[in-house]
Amino acid sequence: MKPIKKPLGHFLALITKAAAATTFLVMAFLILYILINGLPHLTPSLFEFKYTTKNVSMFPALVSTIIMTALSLIIAVPLGAFAGIYLVEYAKKGNRTVKVVRVTAEALSGIPSIVYGLFGMMFFVTYLKWGNSILAGAFTLSIMVLPLIMRTTEEALKSVPDSYREGSFGLGAGRLHTIFKVVLPSAVPGILAGVILSIGRIIGETAALIYTAGTVTEMPQNVFSSARTLSVHMWALTGESLHKNESYAAGVVLLILVVGINSFSAFIAKKFIKEGK
Amino acid sequence: MNKFSISQLYLYYDNFCALTDINIDIEDKNITAFIGPSGCGKSTFLKTLNRMNDLVDGCKVTGEVLLDGTNIYKDVDTNLLRKRVGMVFQKPNPFPMSVYDNIAYGPRAHGVKSKAMLDEIVEKSLQSAAIWDELKDRLRKPALALSGGQQQRICIARAVAVSPEVLLMDEPTSALDPISTSKIEDLVLELKEKYTIIIVTHNMQQAARVSDKTAFFLLGELIEYGNTNDIFSMPTHKKTEGYISGRFG
Ligand SMILES: Nc1ncnc2c1ncn2[C@@H]1O[C@H](COP(=O)(O)OP(=O)(O)OP(=O)(O)O)[C@@H](O)[C@H]1O
Ligand SMILES: [Mg+2]
C-alpha cells in the first residue's frame, strides 16, 4: 500500500526547510559581508599600541574588551553560581526568598541594557564617584549578566540526577563535599554554557557601557581608567562615518574574538565531561 | 543481640502517615528481609534507619530508633550515622568517575588522604564485593561504562569502603538479570559475617533464600515479623499468607 500524501505534512516540512535555509543564508551573508568589507582593511597600523586619529588603532579597545570581560566575569560568575547553588542545593522547596529571588532574576533579565547603563552611571559613576571607568562598566555588566548565570547554574544543577546526591549523602558525606565533588563536576558544562552566553552579551554590549566606562580611546592604565570596548569602538567609528572601513575591520576582530572564546569554552567543557566519564 | 531497636515509630509525609506504630528489633550480624506490596512503606522505613528521610521536605518522624542503645533521632551527627549505616539503592548509582574514585569517595569524604591507605581500602572493598578480579586492571575506567550488575557491586563496594556496621539494601537486584542477581545474593550471604544487613525485596524466593528474619508490611503497618522459615511455612497472619501464597502460586 502506498502511503497517502498529506498536503499539510508536506507544507510543514517545506516551511521547516525554508526557515533553516533562510537562517543559514542570513548568517552566512552577515559573516561574509563583514569579512569582505573588513578583511582588506585589517592593516597592521590598526594594531598600533597608541591610538591616533591617523591610525585609528583598535588595539587599546581590544585590550579594554578583554579586561572588561574578565573583570565582569570575575564578579558575576562566583556570585551567580553560588546564588544558583544556594537556590537548588540549600533552600527548601517553596521557600519565600527563593520565589522572590527567582521572580527578580526573571524581571532583571528582561530589562533593556540602556537601563543598566543609566543605573550604573547614577550609582557607580556618580554616587560611588568611580567616574567613567572600566570598574564601573564591569560592575554594570556583571549585574546585567548575573541573572543569566544564576538561571543557567540552577538549570545545570537541577539536571544532575538526585541519585548522585543520595549516593553521596548515603555514604555520610557532608553537603559541601557532595556539592563540590559530585554535583558541580556534572553541572560544569551547563554552567559554562551560561558563561559563554554571558561573554557574548558582555562583548557585544554598547548601551550599558557608553555612560559607565566611557568612550576614551586611550590604552587603560588601571581599572579606574575610562576606556572603550571593541563594540563601543565600532559604534563610535560608525558614528563618525569617516572610518567605516576601520569599523568593519574591528567587526572582523570581534567576530574572531567571540569564535575564539566560544571554542575555548567548549574545549574546557569537553575536558570536564571526559574526566567525568 | 539487637542492632536496632525501634518502638512506636510514626512517619509522616506532610499530613500523610506513611508508617504507623512500628515496633521491631533487628538482630546484629543477621539478614532481615522486608517484604510487602508496593507503596506499603518498606523504602520509607529503611530510610528512617540512616535518616535519609531528613532530605525529604515535609517528612516528620516520631518515636524511638535505637542503634546500639542510642536514639539516632537525638543528638546524633547524621554524617557519622550514615557512615555506620550504609545504603545500597534500587537503581545502581555509581558516580560519574572512575571505579577507583567511586570506592575511595566515602573514605576521602571522611578524611582519609594517604594514597597507600586508599589503595588498600579500594582493593579490600572490591574484594568483599566479589568484583576485584574482574576489575583490578580497570580501576581507572569510568564506572558508568560497566554493566548494571557490575555497577551494583561497585555500589556495594563503595558502601563497604567506609566500614559500616549495617548495610541497608533497597531492592538491590530488581534492576538486574538473573546471573547478576544470584551473584549479589551470594555476596549478601557472605557479607553477613561482618555486617548487619536489611534487604527490601519483592522477590519471595530471594527473601526465603537469603534472610534469617522476615518482616511483612502492609499499608504502613508491620503485620508480621519472625524467622524466615516460620513466616514462609506457617504465617500466623491471614494477610501474610495471602501475600506470600499469591506470589508463590
Ligand atoms: N517523598 C515522599 N513524599 C510523599 N509521599 C511519599 C514520599 N515517598 C513515599 N511516599 C509515600 O509513602 C508511601 C510508602 O512509600 P515507599 O516508597 O516507602 O513504599 P515501598 O514499600 O518502598 O514501595 P515499593 O515497593 O514500590 O518501592 C507511599 O504511599 C508513597 O506514595
Ligand atoms: Mg521502595
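No lab work stands behind these numbers, since they all come straight from the coordinates. This structure is a prediction, so every number in the text was calculated from the model and none was measured. Don't worry about glycine lacking a Cβ; one is built from the backbone with ideal geometry, like all the others, and counts go over all protein chains shown.
Computed about its Cα centre, the charge dipole of chain A is approximately 1020 debye, with only Lys, Arg, Asp and Glu carrying charge at their Cβ. Each Lys and Arg contributes +1 and each Asp and Glu -1, all at the Cβ; summed about the Cα centre of the protein assembly as shown, the dipole is approximately 1380 debye.
Computing Rg and the Kirkwood Rh from the Cα coordinates of the protein assembly as shown gives a ratio, Rg/Rh, of 1.13.
Using Cα pairs under 8 angstrom and six or more residues apart, how large is the relative contact order of chain B, in percent?
Values: 455 pairs, mean separation 67.8, N = 249.
After rounding, I find 27 percent.
Here the Gaussian network model covers chain A, with springs between Cα atoms less than 10 Å apart; of A:Ile261, A:Ile202, A:Ile143, A:Ile261 fluctuates the most. Modelled this way, with points 7 Å down the Cα-to-C-beta line, the labels at B:Asn2 and A:Lys92 are 3.2 nm from one another. Along the positive direction of the dipole of the protein assembly as shown (beta-carbon charges: Lys, Arg +1; Asp, Glu -1; about the Cα centre), which of B:Met234, A:Ser133, B:Met169 reaches farthest? Highest projection toward the positive end goes to A:Ser133. At most 16 other Cβ atoms within 10 Å and a DSSP loop assignment: could you name the trypsin sites (Lys or Arg not before Pro) in the range B:2-89 that fit? Listed in order of number, the matching sites are B:Lys29, B:Lys74. Placing a pseudo-label 7 Å from each Cα along the Cα-to-Cβ vector at A:Lys54 and A:Thr23 gives an inter-label distance of 4.9 nm. When the GluC sites (Glu not before Pro) in the range B:131-194 are filtered for DSSP coil states and for at most 14 other beta-carbon atoms within 10 Å of their beta-carbon, the remaining sites are B:Glu193. Specify the residue with the greatest mean-square fluctuation among A:Thr152, A:Thr178, A:Thr217, computed from a Gaussian network of chain A linking alpha-carbon atoms under 10 Å apart. Maximum fluctuation in the GNM of chain A, among the listed residues, is at A:Thr178.
Backbone N atoms of the range B:9-40 closer than 17 Å to the 7 Å Cα→Cβ label point of B:Leu219 belong to residues B:11, B:16-22, B:36-40.
I'd like the antiparallel share, as a percent to the nearest 5, of DSSP beta bridges with both residues in the protein assembly as shown.
So the antiparallel bridges amount to about 60 percent of the total.
Under the combined filter of DSSP loop state and at most 16 neighbouring Cβ atoms within 10 Å, the range B:177-215 retains these trypsin sites (Lys or Arg not before Pro): B:Lys194. Considering only A:Glu246, A:Glu89, A:Glu166, the mean-square fluctuation computed in a Gaussian network model of chain A, springs between alpha carbons under 10 angstrom, is largest for A:Glu166. The HN-Hα couplings worked out from phi for the range A:213-220 by the Karplus form 6.51 cos²θ - 1.76 cosθ + 1.60 (θ = phi - 60°) are 9, x, 10, 5, 8, 5, 5, x Hz, whole numbers, x standing for Gly and Pro. The ranking of B:Glu120, A:Glu48 by Cβ neighbour count inside 10 Å, starting from the fewest, reads B:Glu120, A:Glu48. Once the gyration tensor of the Cα atoms in the range B:148-249 is diagonalised, the equivalent ellipsoid follows with semi-axes of 26, 15, 12 Å, ordered largest first. What separates the Cα centres of the range A:100-134 and the range B:44-106 is a distance of 46 Å. Computed over the Cα atoms of chain B, pair by distinct pair, the Kirkwood hydrodynamic radius stands at 18.6 angstrom.
With the cut-off at under 20 Å, measuring from each backbone N in the range A:88-114 to a point 7 Å along the Cα-to-Cβ line of A:Leu197 picks out A:88-89, A:99-114. Remark: relative contact order (chain A) = 27 percent; criterion is Cα-Cα distance under 8 angstrom and separation of 6 or more residues.
One equal scatterer on each Cα of the range B:1-93, no solvent, Debye formula: the resulting log10 I(q)/I(0) at q = 0.15, 0.25 Å⁻¹ is -0.58, -1.68. Temperature 20 °C, viscosity 1.002 mPa s: under these conditions the Stokes-Einstein estimate for the range A:58-276, based on its Kirkwood radius over C-alpha pairs, is 115 µm² per second. For B:Phe4, neighbours were defined as the other residues whose beta-carbon sits under 10 Å from its Cβ, and their charges (Lys and Arg +1, Asp and Glu -1) total -3.
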